[in-house]
Amino acid sequence: MSESQPPRRAVPAGLEERVRQLLAPFRGDRTMTVDALKVIQQAYGYVPPESLRVAAEELGVSENTLDGILHFYEFLFPRPVGERVIRVCSGTVCQALGVPVILRRIRERLGLRWYETTPDGKYTLMPLPCYNTCAYAPILQIDTLTFVRVTPEQVDEILDGRLEGVEGLPCGDGKPTPPREEVEL
Amino acid sequence: MTLETLVAEARGRWERKTNPDRPRIIISAGSCGIFAGARKVKAAVVDALKRLHVDASVEKTGCVGLCWAEPMLDIQLPGRPRVAYGPLTPAGAAQLIEDVVGRGNPRVDKALYVYADAPYEGIPPRDQTDWFKLQYRVTQRNAGIIDPEDLDDYLANGGYEGLARALTMTPAEVVEAVKKAGLRGCGGAAFPTGLKWEFCLRARGTEKYVICNADEGNAGTWKDRLIMEGDPFQLIEGITIAAYANGASRGFIYIRDEYPLASSRVRTAAEKLRARGLLGDNILGSNFSFDLVIRDGAGSYLCGEEMGLISSIEGDRAMPRSRPPFPATNGLFYKPTVVNNVETLANVPQIIARGWEWYAGLGTERSKGVRTITVSGAVRRPGGFELPFGVPLRTVILDLAQADPTDLKAVQMGGPASNILPADFVLTLPLGLDELRDAGTTMGSGGFVVVGRQSCIPNLVLQLMEFLRDESCGKCFPCQMGTRAYYNTLLRICRGEGRPEDLDFMLDIAPAIQFGSLCGHGQVAHVPVVDTITHFRAEYDVHIRERRCPQGICEISPVAAAV
Ligand SMILES: Cc1cc2nc3c(=O)[nH]c(=O)nc-3n(C[C@H](O)[C@H](O)[C@H](O)COP(=O)(O)O)c2cc1C
Ligand code: FES
């Protein structure tokens, strides 16, 4: 996440009640910490640190445990992310087939390195370990739009919205599994 | 209901489905297919059918493993065999429907193969094509053929025969059969599955668990995805048999968060099985009860390590515990637990249904059975193949995946922290567990990444090390500090600021990381570094001494370049 300029953020209003409501299905179940944080993230786009105390009470774990979990898992965001999240596959196949040059192009355009957000809060750049659809490497995703066999030259077209992507199969957005209709053909 | 009635009904439906009175269009709908554009192809097909005023059934199936040929679809006309076509564009698919369905022209030019014993209009039968003739499909036998969300399709194709047979045996007999079959773990370590089950069966305690490891985190490996997206029922049947054999009444399947489609299909499959009494209380009228909990990950490579996986299911960070005690005695919630990979468990139903003798007869003397491997990278036809052990890797890489023999540099098999060996050497080896071990390598999870000549090896290792460093959980310091030291040194080299002593330094600290680390992550983190320094030293030397990257991939810092 951006070390330089995290987007400004106010404590969301009515946070405590909302979180209690959201976590009702997990009350007292300390094995469901990750799923609980995902539900919070779905509501707020990230996991507000202020929610951890309430969540910890609901789940019956310590706030520290939750904080550790929040920072451990890659797809749980402890800070707000940009309006659009750019995911670039950092797996071996994509790396071998051109990701370093793609990243250089993204850096030239947006000034982003891994986990950084642009100062205007528009884009966040994140790696994804491997989509395991390596036959279509290199893979780049913006929110739920996927681009396959991306060439460095296409980076500009993608960012300008001139290249058609493939809808669906959101990966690594840290939300609970989408309903069947959203992923099925 | 008994299995016989269920199967009889399912067979009837399958017969009607495969001998249709109207055209069938079956769209290949795995993640690969969807990424390649299957949604648009489907829309184009539906449109074309509407234009032709043809009443057809549009179905879906998992991926057969020809990832390069996506988007694919199969067409079956009434009274004709099922023909596969690909790769298609949406416009091409519309044209294909007009030609095949509208005009009865079989479009041999776009056809890949036919599901029949003899050629049809010159289109070869599937099992005689180059991509299938060497394969022996066990876990993948239904993938690409059945609808992964239709339980009847599975039941009509031998589904639940294994479980029904297992329920007539004692748990110890099931374990013995798996042992004699010679099945070994497909998750990386190749530990004999029957032996693992025996430890768990013998462990004291009445509360036991089975866990299916579906965290397939190794880049370049997607065999588990093919199973979950193509035939999830078979996996759940395997998990159920494992539970019966180990005396577990509850099981977990932990699916990585990058697999929304696999997760959705496994969930759907579990619901359908519950509705028919094949999962839940008193399965098939026996006194064996078992239920499955499906959990999704949140992006952590260490969730694939069995102890990390257990921690994660318990609701903690995926931090490995020290072993012993092993999960077989002290696993999930410190109860006896079996952790197995998806493919391992998916092999079990057939082993029980067809007998261990059959499975033990496949493969080689020392490596028994079959294994799904996925090949990607600098190849023309990336894909997944289920092959009996013993097939030469030269055939796999050059003939099946069609790598260009003049554009081969290295091959990495089985994950980010596995051997990176010169391609010439790898091409001399056979597919096999012990055979590869004898050659000083392992096949790990079976993901073969072919690295072409245009890749820069130090840069590739740098990227691998960045991943290994980021995923180090931080519990033990040799792994945490070692991966960091490697990353920093490699970064320096790739920026043209390397020092002559850097390579020796990296070799020197390898044993400390290897022997000092707590889990398999750190214990192998040095492998790609040591291998590439051994086999590709010249590339490092150019970066260090001449301060340039021959492939033009590394960003040499301006300061270094000026020196
Ligand atoms: C860092 C690390 C990552 C692993 N990732 C996976 C994985 O993604 N999938 C898997 O099945 N096994 C993985 N394993 C191996 C498991 O620890 C374990 O050996 C395996 O699940 C056992 O199943 P098997 O005997 O059926 O292979 C990993 C091991 C390590 C050390
Ligand atoms: S390496 Fe990018 S999809 Fe596997």
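The values are calculated or read from the model by the stated rules, or taken from the named source; none is laboratory data. As the structure is a prediction and not an experimental result, all values here were calculated from the model. Heads up, the Cβs are rebuilt from the backbone with ideal geometry, glycines too, and the neighbour counts pull from every protein chain shown. Calculation scope for accessible area: heavy atoms of the full protein, side chains included, ligands and nucleic acids excluded. Shrake-Rupley method; radii C 1.70, N 1.55, O 1.52, S 1.80 Å.
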Q: Consider only pairs whose beta carbons are under 7 Å apart and that are at least six residues apart or on different chains; among these, list those whose first residue lies in segment B:255-282 and is within 10 Å of chain A (Cβ to nearest Cβ) and at negative phi and whose second residue is among the β-branched types (Val, Ile, Thr) and not in a strand (DSSP E or B).
A: B:Ile255/B:Val266; B:Pro260/A:Thr177; B:Pro260/A:Val183; B:Leu261/A:Val183; B:Ser263/A:Thr177; B:Ser264/A:Thr177; B:Ser264/A:Val183
(Q) Can you list the helices (runs of 4 or more DSSP H) lying wholly within segment A:33-125 that have 1 or more residues being within 16 Å of ligand 2 (Cβ to nearest atom) and either aromatic (Phe, Trp, Tyr) or closer than 23 Å to A:Thr151 by Cβ (or both)? (A) A:92-96, A:99-110
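Conditions (1) surrounded by fewer than 22 Cβ atoms within 10 Å (Cβ to Cβ); (2) part of a helix (DSSP H, G or I); (3) in contact with a Ser or Thr (Cβ under 7 Å, 6 or more places away or on another chain), marked per residue:
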{"position": "B:Ser264", "(1), (2), (3)": "no, yes, yes"}
{"position": "B:Leu273", "(1), (2), (3)": "no, yes, no"}
{"position": "B:Gly277", "(1), (2), (3)": "yes, no, no"}
{"position": "B:Leu302", "(1), (2), (3)": "no, yes, no"}
Q: Determine the pairs where a residue that is farther than 15 Å from A:Pro138 by Cα, located within segment A:148-163, has a partner that is surrounded by fewer than 16 Cβ atoms within 10 Å (Cβ to Cβ) and of a type in the set (A, V, I, L, M) with Cβ atoms under 6 Å apart, the partner being 6 or more residues away or on another chain.
A: A:Glu157/A:Leu163
Q: Return yes when B:Leu408 is in contact with a Lys or Arg (Cβ under 8 Å, 6 or more places away or on another chain) and not in a loop (DSSP other than H, G, I, E, B) and no when it is not.
A: no
Q: Just give me the residues in segment A:140-156 being open to solvent by less than 20 Å² (accessible area, probe 1.4 Å) and facing chain B (nearest Cβ under 7 Å), in sequence order.
A: A:Thr146
Q) If you take the residues in segment B:217-262 that are among the hydroxyl-bearing types (Ser, Thr, Tyr) and assigned to a helix (DSSP H, G or I), which one is nearest to B:Ser418 (Cα to Cα)? A) B:Thr240
Q.
within 12 Å of chain A (Cβ to nearest Cβ) and either open to solvent by 10 Å² or more (accessible area, probe 1.4 Å) or within 29 Å of B:Glu161 (Cβ to Cβ) (or both): which single residue out of B:Gly37, B:Gly12 fits that description?
A. B:Gly37
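Listed here are the residues, each with its yes/no results for (1) hydroxyl-bearing (Ser, Thr, Tyr); (2) farther than 30 Å from B:Lys223 by Cα; (3) out of contact with any helix residue (DSSP H, G or I) (no Cβ under 6 Å at 6 or more places or on another chain).
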{"residue": "B:Val45", "(1), (2), (3)": "no, no, no"}
{"residue": "B:Ser57", "(1), (2), (3)": "yes, no, yes"}
{"residue": "B:Leu77", "(1), (2), (3)": "no, yes, yes"}
{"residue": "B:Pro81", "(1), (2), (3)": "no, no, yes"}
{"residue": "B:Gly92", "(1), (2), (3)": "no, no, yes"}
{"residue": "B:Ala116", "(1), (2), (3)": "no, no, yes"}
Q.
Please go through segment B:310-361 and give me each residue that is within 14 Å of another protein chain (Cβ to nearest Cβ) and either within 16 Å of ligand 2 (Cβ to nearest atom) or charged (D, E, K, R) (or both), ordered by number.
A. B:Glu314, B:Asp316, B:Arg317, B:Lys335, B:Glu343
